[in-house]
Amino acid sequence: MIDYQNILVHQIPHEFALGGIYMPPLLVASFLAVLATVSTSYLLNRYRISRYFFYPPLVSLSLMVIYTILIGTYVLGA
């Protein structure tokens, strides 16, 4: 009989190692989300779409939260 819970636990990363330094997956997801938010904000400012927002810093913050959740869930599987 196959133990699916044991297989699932081993597929979820518990930490990432870069140069002997262990980092939690949420930190990696947050760093990638910051990069995605900066690039999205640059494009929104470049094409002047951000002028339609009432408060652009709040849009950037919400984009970072959305990107962190999406990257953490679907890319890293945390």
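Within the range 15-58, track down each residue that is free of Cβ contacts under 8 Å to residues at least 12 places away in the same chain, in a helix (DSSP H, G or I) and of a type in the set (A, V, I, L, M).
Hits for the range 15-58 are Leu27, Leu35, Val38, Leu43, Leu58.
Just to be sure, is Leu8 surrounded by 10 or more Cβ atoms within 10 Å (Cβ to Cβ), at pLDDT 95 or above and hydrophobic (A, V, I, L, M, F, W, C)?
It is false that Leu8 is surrounded by 10 or more Cβ atoms within 10 Å (Cβ to Cβ), at pLDDT 95 or above and hydrophobic (A, V, I, L, M, F, W, C).
Taking the conditions exactly as written (of a type in the set (Val, Ile, Thr) and at pLDDT 95 or above), does Val65 satisfy them or not? Quick ask: steps written out before the conclusion?
Numbers: of a type in the set (Val, Ile, Thr): yes; at pLDDT 95 or above: yes.
Here the answer is yes, as Val65 does meet what is asked.
The values are calculated or read from the model by the stated rules, or taken from the named source; none is laboratory data. Only a predicted model underlies this, so the values are computations on that prediction, with no experimental measurement involved. We place every Cβ from the backbone using ideal geometry, glycine too, and count neighbours over all the protein chains shown.
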